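What follows is a set of notes on a single structure, which appears directly below.
The values are calculated or read from the model by the stated rules, or taken from the named source; none is laboratory data. Quick caveat, the model's predicted, so the values are computed rather than measured. Backbone-built Cβ (ideal geometry, glycine too); neighbour counts: all protein chains shown. Ligands, DNA and RNA are stripped out before the accessible areas are found, and what is left, the full protein with its side chains, is counted by its heavy atoms. Shrake-Rupley method; radii C 1.70, N 1.55, O 1.52, S 1.80 Å.
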Amino acid sequence: ADTWNVRAQRTLESFFKAYPSASVKVYSNSLPAHFFQKFVRAGYNVTIAPFDVHNLLPTGLPGNKWLSNISQWSKSPHFYAHFADFLRFVLLYRYGGFYMDTDSVLLRPLHIWPSVALGTEKCDDPNLPFCQHLDFTGADDNQLYYLPIGVLLITSEHPILSKALSYFDSEYNPAIWP
């Protein structure tokens, strides 16, 4: 429970304010099963799902090579950030759905639920390789953007998730901060 803070609480509150009848699963091996009883008593559907990452990723899918070396990767300085990214991609690949980092706040409901929605953020450093001019933002300027992975809406088994997991297998560098 020491990983859940006020900011994470506000994230969950903002989601239920926009979608009071939603079902939310929080994947955690550290939160106790009764942790969200306040929300449950208020009528919200939120559950904690413990997980074993080795059982989440079916054999033969991208990401298994990275996963087979997890004991080696776990010694790297950025392992927990990388593992969180990996787990996010695996869970979305398996189940699809809406993912929000617990430092994000949903300001209003999304009125259209496309099969894929990715957030964009402005990027101020043109030397970063992931900063790009993105045509789909509707901006008519020379602003650089990048696609963060803190807010995702995507269908299960979407090809972009397969590519992300393939990246872990082929390009992973434990020394790079995400």
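Using a Förster distance of 45 angstrom, determine the FRET efficiency expected from the C-beta separation of residue 64 and residue 142, and round it to 0.05.
That gives a FRET efficiency of 0.65.
Taking 0.36 nm per residue of separation and subtracting the Cα-Cα distance, what length does fully extending residue 14 through residue 37 add? Please report the intermediate quantities before stating the final value.
Numbers: separation 23, 0.36 × 23 = 8.28 nm, distance 1.71 nm.
Using 0.36 nm per residue and subtracting the Cα-Cα distance, I get 6.6 nm.
Let's see if you can work this out: charge +1 on each Lys and Arg Cβ, -1 on each Asp and Glu Cβ, no other charges. What is the dipole magnitude of the chain about its Cα centre, in debye to the nearest 20?
760 debye
Given a 1.4 angstrom probe, I'd like the percentage of the accessible area of the chain that is carbon and sulfur, rounded to a whole number.
54 percent
Can you work out the FRET efficiency for the pair residue 123 and residue 52, with r the C-beta to C-beta distance and R0 = 45 Å, to the nearest 0.05?
So, using R0 = 45 Å, E works out to roughly 0.80.
Find the accessible area per residue for the chain; the probe is 1.4 Å, ligands and nucleic acids are left out, and the unit is Å².
63 Å²
Looking only at 57, 110, 153, which one moves most when the chain is put into a Gaussian network model with springs between Cα atoms under 10 Å?
110
Between residue 160 and residue 45, what is the label-to-label distance in nm when each label sits 7 Å out along the Cα-to-Cβ direction?
2.6 nm
State the label only: which of [x] -0.37; [y] -0.65; [z] -0.55 corresponds to log10 I(q)/I(0) by the Debye sum over Cα atoms at q = 0.09 Å⁻¹ computed from the shown model?
Step by step, log10 I(q)/I(0) by the Debye sum over Cα atoms at q = 0.09 Å⁻¹ for this structure corresponds to label [x].
Counting Lys +1, Arg +1, Asp -1, Glu -1, what net charge surrounds residue 51 among other residues with beta carbon under 13 Å of its beta carbon? Could you put the intermediate results ahead of the total?
Details: positive: 25, 88, 94; negative: 52.
After counting each charged neighbour, the total is +2.
Have a look at 146, 99, 27 and tell me which one the Gaussian network model of the chain (Cα, springs below 10 Å) gives the largest fluctuation.
146
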